[in-house]
Amino acid sequence: MTRKIVRIFAILGPLTASVQAQESVSKPTKADAVKVVKIISADKTKIGTYCKLADLGDEIDKARSAGDNGKVERLSKQADDLGKTLGPEFIRLNAGLEDVDLQSKGGRKCQQNSTSSTNYARRSNRPTAFW
């Protein structure tokens, strides 16, 4: 489970770093995650994009395991571009998640829910909250 969260951060790292450079990003709340889910869920295109982002994460993991750094870079760029299309709230949420201590109670809950959300989204083409 921890690998999934770490993978999501790695995929969106450059994107969220640019957001952090532009503004101070606070630790996300459950309300922030719910807001992002509502925004994405209301738009079929964004739902598809969210699912593609999760699939890209799997491809990046495979490429990284195979040592194919060129493919990791290409796929990461695609993931960055997809993340941007999900809107500024999604970008801020992910930027804020970088500050979450994955060993804390809240961090572990976030990991569990993120994994469940991604699996649910893939099965139903509908994103759910991280918490």
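No value in this document is a laboratory result; all are computed from the given coordinates. Note that the coordinates shown come from a computational prediction; the quantities given were computed from them, not determined experimentally. We place every Cβ from the backbone using ideal geometry, glycine too, and count neighbours over all the protein chains shown.
A few remarks follow.
- FRET efficiency estimate (nearest 0.05) - Cβ-Cβ, residue 103 to residue 52, R0 30 angstrom: 0.50
- Across 27/71; 35/109; 46/105; 44/77; 71/105; 35/84, pairs whose alpha-carbon gap is larger than 28 Å: 27/71; 46/105; 71/105
- Under 12 Å, Cβ to Cβ, from residue 35 - net charge with Lys/Arg +1 and Asp/Glu -1: +1
- In order through segment 90-96: 3J(HN,Hα) via Karplus (6.51 cos²θ - 1.76 cosθ + 1.60), integer Hz, x for Gly, Pro: 5, 5, 5, 4, 5, 5, x
- Available extension along the chain between residue 42 and residue 26 is 3.3 nm, counting 0.36 nm per residue and deducting the alpha carbon span.
- If you take all other residues with their beta carbon under 9 Å from the beta carbon of residue 96, and give Lys and Arg +1 and Asp and Glu -1, the sum is -1.
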